[in-house]
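Enquirer: Questions regarding the structure given below will be posed in turn.
The values are calculated or read from the model by the stated rules, or taken from the named source; none is laboratory data. Everything quoted here is computed from the prediction, not taken from an experiment. Ideal geometry is used to build each Cβ from the backbone, glycine not excepted, and the neighbour counts take in all protein chains shown. For the accessible areas, the whole protein counts, side chains as well, though only heavy atoms, and no ligand, DNA or RNA atoms are used. Shrake-Rupley method; radii C 1.70, N 1.55, O 1.52, S 1.80 Å.
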Amino acid sequence: METGSSVFANPKPCKHLADYKLRHGLSGYKFLQKWLKTFPNGKTSIKMCETKMPRCSFCSGIRQGRLFLCLICSSMSCSDHTLLHSQSENGHDIAVDIERSELYCCSCSDQVYDLDFDKVVVAKNIVDMPSKTRDSVVDDLMRRSSKRRRLNSVVDLDLIRSKFFVWMRGRRAKSCYPLGLRGLNNLGSTCFMNSILQALLHAPPFRNYFLSERHDRETCRKRSSDQSCLACDIGVIFSAVYSGDRTPYSPAQFLYSWWQHSANLASYEQQDAHEFFISVLDAIHEREGKERNPNKDNGDCQCIAHRVFSGMLRSDLTCTTCGFTSTTYDPCVDISLNMDTSSFSSVDVANKSVRPNEDTGRSTLLACLDLFTRPERLGSDQKLYCQNCQEKRDSLKQMSIKRLPLVLSLHIKRFEHSSLRRTSRKIDWHLQFPFSLDMTPYLSPSIVRNRFGNRIFGFESDEADISAEFEIFAVVTHSGMLDSGHYVTYLRLQNQWYKCDDAWITEVDERIVRASQCYMIFYVQRMLYYKANEDLSCAPMPSRRDPFVPIAGCC
């Protein structure tokens, strides 16, 4: 399904980087190459001196955050003083992050990507290989390069990287991995993107839609000529991931298209995975929703994003004086759940993680759902107008789920920001979550009956055929602090868990998954989960004329 006409549309380069290369060429890159050091885990850093600790030339701080090496004068600056260095030294705009070996523009205060620099780093990695391994890799690259048409330099670099990853990992390739398991290269602090993409790529109804080519890329391009279509780019990724190729894939075109749709988030800085998830579904809805049903709201939208992920929440506001209840319904593509932090004893500290003690630092997903559907008394400053009393009254608010989606995405609120105290924190509590989840207690009929008893007349149900039993298939985790962390996705395929850490795919035990700090949890209806396990196999990708069978009720 993947065609050879795909062309990467790389973002415009930083003007300061372009000026640097115009004046100095690649001399700075090559000079820096001798200081590069690759560690057994594949990480490449800059080690100028083994005996001296690197220090910022302005504040003399030792490893106070990230440190950057100027490519012109080789001076060191911390993240707080890179801009000051570029302002004090004319033309000294480009530096290198010594821990990550990534280019950084001091004037733009942002990471920048350059293919030539990446080639220098990869070349150094290959040189450091043992001679036999290096020769076999280089010979294989030369042999393969003569047999395949080179689309562009990014694809060539991916091939080199992939061979290096295999050597660095030192693990036997597992041909029995289910179809669709393929690593995604980190394009510069893009683990947030890779983690969500892995979950989307293995959401059964979402997967079947794109593999059945229900979104026609050719027709979409002819119909619209404005900005690139994110759904088309997702289709390209599906074709690449399910092609049977196991080498890591670079979603560069998708990243660039997402930047166009979410200009406020367009940078190489780390982003929030949940915000990225919402923005991707919004972008798909903007294109497909307007074409399929321009006059309908999100609740009845037939775009693939809402057909798979959209549910309906019910909100009941009850006047505490007369008992009058007003009900509203709102569509949602995920449910954000609070963790009960009432037992925290630690003091809020800006950009610090909250680490509770062993006795109080535990919670359960079911407790979070109970908290979400628990009646909440609104404060005196939140009095609402009662239609029966004809004035503002105190009220109780209770949430419930009116309609369940095919894929249930639950967002755990681990990041808290206080505008009053101007502080932020991450909640490091361990959350226990079941692999099989029954959502019946949190549906509107159950909640209303618990509140009013069985005296209420038969409760209407517009989705009686939607099952309330779900199976987990993906967990997105976050490790680290607020200002610096890493996202990883765990996938459950054929009852085996796999860890997707950017380009690396490894089998893991379910105990590792249960012990992780989950940030987003994805469940799919039980029937669809078992149907998806039947479809997954090690067989080659079906041809264009033999697509995946669409799942009833979705495709």
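Enquirer: Which one of these is more than 16 Å from Leu337 (Cβ to Cβ), modelled with pLDDT under 75 and aromatic (Phe, Trp, Tyr): Phe457, Phe435?
Expert: Going through Phe457, Phe435 in turn, just one is more than 16 Å from Leu337 (Cβ to Cβ), modelled with pLDDT under 75 and aromatic (Phe, Trp, Tyr): Phe457.
Enquirer: Report the residue count in region 385-396 for those that are part of a strand (DSSP E or B), open to solvent by 100 Å² or more (accessible area, probe 1.4 Å) and in contact (Cβ under 8 Å) with a residue 24 or more places away in the chain.
Expert: 0
Enquirer: Can you tell me which residues in region 78-114 are of a type in the set (A, V, I, L, M), farther than 18 Å from Cys14 by Cα and open to solvent by 60 Å² or more (accessible area, probe 1.4 Å)?
Expert: The one that is of a type in the set (A, V, I, L, M), farther than 18 Å from Cys14 by Cα and open to solvent by 60 Å² or more (accessible area, probe 1.4 Å): Leu84.
Enquirer: Can you tell me how many residues within region 479-503 are touching a helix residue (DSSP H, G or I) at 6+ places or on another chain (Cβ under 7 Å) and either exposed (fewer than 14 other Cβ atoms within 10 Å of the Cβ) or in a strand (DSSP E or B) (or both)?
Expert: 9
Enquirer: Oh, and also: Any residue in region 97-114 that's touching a residue at least 40 places away in the same chain (Cβ under 8 Å) and at positive phi: show its pairings with residues that are in a strand (DSSP E or B) and among the hydrophobic types (A, V, I, L, M, F, W, C) at Cβ separation under 8 Å, as long as the two are six or more apart or on different chains.
Expert: Ser101/Leu36; Ser101/Ile46
Enquirer: What is the one condition in (1) closer than 22 Å to Pro405 by Cβ; (2) open to solvent by 20 Å² or more (accessible area, probe 1.4 Å) that Ile521 does not satisfy?
Expert: The single condition Ile521 does not satisfy is (2).
Enquirer: Condition first: at pLDDT 90 or above and among the aliphatic types (A, V, I, L, M). Now tell me which residues in region 227-254 satisfy that.
Expert: Correct list: Ile234, Val236, Ile237, Ala240, Val241.
Enquirer: Output yes when any residue across region 198-214 is under 13 Å from Leu184 (Cβ atoms), modelled with pLDDT of 85 or more and among the aromatic types (Phe, Trp, Tyr), and no when none is.
Expert: No: region 198-214 contains no residue that is under 13 Å from Leu184 (Cβ atoms), modelled with pLDDT of 85 or more and among the aromatic types (Phe, Trp, Tyr).
Enquirer: Here is a further query. Could you run through region 304-332 and say how many residues are open to solvent by less than 20 Å² (accessible area, probe 1.4 Å), under 23 Å from Phe210 (Cβ atoms) and touching a residue at least 60 places away in the same chain (Cβ under 8 Å)?
Expert: Qualifying residue count, region 304-332: 5.
Enquirer: Same structure again: Against the condition modelled with pLDDT of 70 or more, in a loop (DSSP other than H, G, I, E, B) and in contact with a helix residue (DSSP H, G or I) (Cβ under 7 Å, 6 or more places away or on another chain), how does Ser467 come out, does it pass?
Expert: yes
Enquirer: Looking only at residues that are under 18 Å from Leu69 (Cα atoms), of a type in the set (Lys, Arg) and assigned to a loop (DSSP other than H, G, I, E, B) in region 3-47, which one is modelled with the lowest pLDDT?
Expert: Across region 3-47, the extreme among qualifying residues is Lys43.
The rows are residues; the columns are (1) over 30 Å from Leu201 (Cβ atoms); (2) modelled with pLDDT of 90 or more; (3) touching a strand residue (DSSP E or B) at 6+ places or on another chain (Cβ under 8 Å); (4) exposed (fewer than 13 other Cβ atoms within 10 Å of the Cβ).
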{"residue": "Leu337", "(1), (2), (3), (4)": "no, yes, yes, no"}
{"residue": "Ser342", "(1), (2), (3), (4)": "yes, no, no, yes"}
{"residue": "Val354", "(1), (2), (3), (4)": "yes, no, yes, no"}
{"residue": "Glu358", "(1), (2), (3), (4)": "yes, no, no, yes"}
{"residue": "Lys383", "(1), (2), (3), (4)": "yes, no, yes, no"}
{"residue": "Leu408", "(1), (2), (3), (4)": "no, yes, yes, no"}
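Enquirer: Hey, another quick one. Hey, can you tell me all the residues within region 492-517 that are touching a Gly at 6+ places or on another chain (Cβ under 9 Å) and of a type in the set (A, V, I, L, M)?
Expert: Scanning region 492-517 gives Leu493, Ala503, Ile505.
Enquirer: Take region 434-448 and flag every residue that is more than 16 Å from Ser315 (Cα to Cα) and polar (S, T, N, Q).
Expert: Ser436, Thr440
Enquirer: Pick from region 96-123 the residues that are of a type in the set (S, T, N, Q) and in a loop (DSSP other than H, G, I, E, B): which of them is nearest to Leu36 (Cα to Cα)?
Expert: So, considering only residues that are of a type in the set (S, T, N, Q) and in a loop (DSSP other than H, G, I, E, B), the one nearest to Leu36 (Cα to Cα) is Ser101.
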